[in-house]
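Enquirer: First the structure, then my questions, so here it is.
Read the figures in this text as sums done on the coordinates, not as results from a lab. Here the structure is a predicted model, which is why all the values come from computation and not from measurement. Positions of Cβ are backbone-derived with ideal geometry, glycine not excepted, and every protein chain shown enters the neighbour counts.
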Amino acid sequence: MTTEISRRVRTSYALGSVGTGGFGTLPGLVLSYYLTDTLGVGAGLASLVVTVPKVWDVLIDPFIGRFSDRYAARHGSRRAFMLIGALTLPLTFTAVFAAPITGTWAAVWVVGAFVLATTSFSLFQVPYIALPADLAPDYHSRTRLLAPRIAVLAVAILLFGAGGPAVRDVAGGGASGYLVMAVVCALMMTLGMLVTTWGAGRPARALVPATPAEESGTGALRAGWHAVRTNAPLRTLLAAFVLQALATGAMLAAAQYVATYTLGDESAVTFLFAALVAPALLVMVPARKLAERIGKQRAFVAATVLFAGASGSLLLMTAGTGWWVYASVALAGIAYAGMQLYPLAMLPDVIAADRAVSGDRAGVISGVWTAGETAGLALGPTLALAVLAVTGFVSRTGPEVLDQPASALTGVVLIFSALPALLALASLVPLRRYRLDQKGVAL
């Protein structure tokens with residue numbers, strides 16, 4: 001039997017993806033390029049700039065999750081954390097793209113601002129990830145709650161991924177263009193986050209504190225490690241999701257470089273993003289029905305294999321480009337929709353099964369999950385920039401596009417094709433060990 005969730009709750013929960021999609025997409029897409037091609041930061045140093053704030057994010061997510069569990073058990077919701085994150089994000093996110101200087105000190109500025117921005121985002125994101133287990137009580141209702149969210153996520157990725165650079169270019173490009181882009185996008189993200197905070201942030205059911213055994217740890221990091229160590233379905237699902245986040249993070253970071261140096265048009269990144277994300281809007285209902293027919297795990301495997309094949313085919317860009325590039329990216333986009341829907345719909349199943357044993361530690365689990373996703377998305381651009389550095393990529397501060405060595409041009413293609421394909425295939429190894437049936441029973 002599937003429990004019906006009101007349209008108001010489904011809609012308000014889904015709109016939170018405007019914030020998560022924007023923050024997850026825009027820095028990964030343009031921050032590396034902003035550092036190397038506007039602020040004149042070398043590729044090697046830029047790789048550290050995009051990584052350090054994410055390391056901080058990984059460390060604080062379990063703390064936010066544990067504190068949100070305690071707060072929710074006492075007050076019945078995690079809304080306060082979400083509200084603080086939503087209200088502070090506009091200032092902190094804008095600061096990331098407001099560096100008043102270039103070179104090494106610009107890198108220092110961006111690191112500091114990005115640390116603050118990731119903190120704001122985590123205060124919203126960690127409780128947001130925990131909400132489905134509180135809002136949807138059974139296997140299929142969780143998929144139905146998550147499907148609209150993933151559809152909005154696809155729109156948000158398209159809106160910010162294609163529209164963000166477009167706003168930058170309309171505003172004149174360069175440092176001022178990035179600043180205008182940041183202000184506009186930050187306000188849009190905050191609006192979506194606030195709608196979710198007030199519309200779905202207070203579950204109807206009472207939350208039960210975690211068991212004394214869980215509280216006996218010495219801190220949030222230990223609590224998170226305890227959850228991973230004692231929950232096999234969480235461990236396998238998280239490993240697969242992190243590898244896929246690493247794949248998409250690398251592909252996302254490479255998109256602007258592919259547009260500029262492979263396709264020969266800086267603005268082509270808008271069309272690459274449209275090709276990647278727009279198909280997801282058409283396949284969300286069939287993707288949900290596929291999961292209901294064959295199960296979430298099998299559907300997840302199918303989406304992963306399709307993504308690996310589609311992204312791997314882009315390796316042919318080393319020989320030449322054409323319309324087929326966008327067709328392959330679109331096919332990867334269809335698969336990417338499933339790679340977002342299925343694991344996020346499986347996570348509440350994991351939390352519900354864990355709750356029967358350990359009480360409510362949804363925040364701890366969502367904190368670990370967010371930390372893993374953050375680590376993957378952070379290391380994706382790090383890998384991308386490391387490959388660029390090794391292959392001899394030349395950074396710039398002016399508007400003129402510099403000639404790159406052949407090795408760097410090959411590196412750009414590899415980051416966008418072979419690297420995400422191999423990582424996606426690697427994620428199938430832990431995914432095969434996931435064992436949890438529709439009733440929440442480990443197999």
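Enquirer: What list do you get for 193, 188, 284 if you sort them by fewest beta carbons within 10 Å?
Expert: Ranked by crowding around the Cβ, least crowded first: 188, 284, 193.
Enquirer: Which angle between 0 and 90 degrees, to the nearest 10, do you get for helix 43-75 versus the longest principal axis of the chain when only C-alpha atoms count?
Expert: 20 degrees
Enquirer: Based only on other Cβ atoms within 10 Å, what is the fewest-to-most ordering of 12, 417, 328?
Expert: 12, 328, 417
Enquirer: Taking the simple approach of a point 7 Å from Cα along Cα-to-Cβ for both residue 230 and residue 285, what is their distance in nm?
Expert: Between residue 230 and residue 285, the label points sit 4.4 nm apart.
Enquirer: Relative contact order of the chain: what whole-number percent is it, with Cα pairs under 8 angstrom and at least 6 residues apart?
Expert: 29 percent
Enquirer: Arrange the peptides 14-21, 421-428, 288-295, 109-116 so that the one whose residues have, on average, the most other Cβ atoms within 10 Å appears first.
Expert: 14-21, 421-428, 109-116, 288-295
Enquirer: For the chain, take the longest principal axis of its alpha carbons; what is the angle in degrees between that and the long axis of helix 220-230, to the nearest 10 within 0 to 90?
Expert: Tilt of helix 220-230: around 70 degrees.
Enquirer: Which order do 60, 5, 84, 157 fall in if you start with the one that has the fewest other Cβ atoms within 10 Å?
Expert: Details: 60 22, 5 18, 84 15, 157 27.
Ordered by Cβ neighbours within 10 Å, fewest first: 84, 5, 60, 157.
Enquirer: By per-residue mean of other Cβ atoms within 10 Å, what is the highest-first order of 362-370, 243-251?
Expert: On the way: 362-370: 30.3, 243-251: 26.2.
Output ranking for 362-370, 243-251: 362-370, 243-251.
Enquirer: What length, rounded to one decimal in nm, is gained on full extension from residue 390 through to residue 222, with 0.36 nm per residue of separation minus their alpha-carbon distance?
Expert: Extra length available between residue 390 and residue 222 comes to 56.8 nm.
Enquirer: Right, something else. Give the angle, between 0 and 90 degrees and rounded to the nearest 10, that separates the Cα long axis of helix 296-313 from the longest principal axis of the Cα atoms of the chain.
Expert: Result, in degrees: 10.
Enquirer: Extending each Cα 7 Å along its Cβ direction at residue 302 and residue 55, get the distance between those two points in nm, one decimal.
Expert: 4.2 nm
Enquirer: Modelled label-to-label distance, residue 356 and residue 265, 7 Å Cα→beta-carbon offset: nm?
Expert: 5.5 nm
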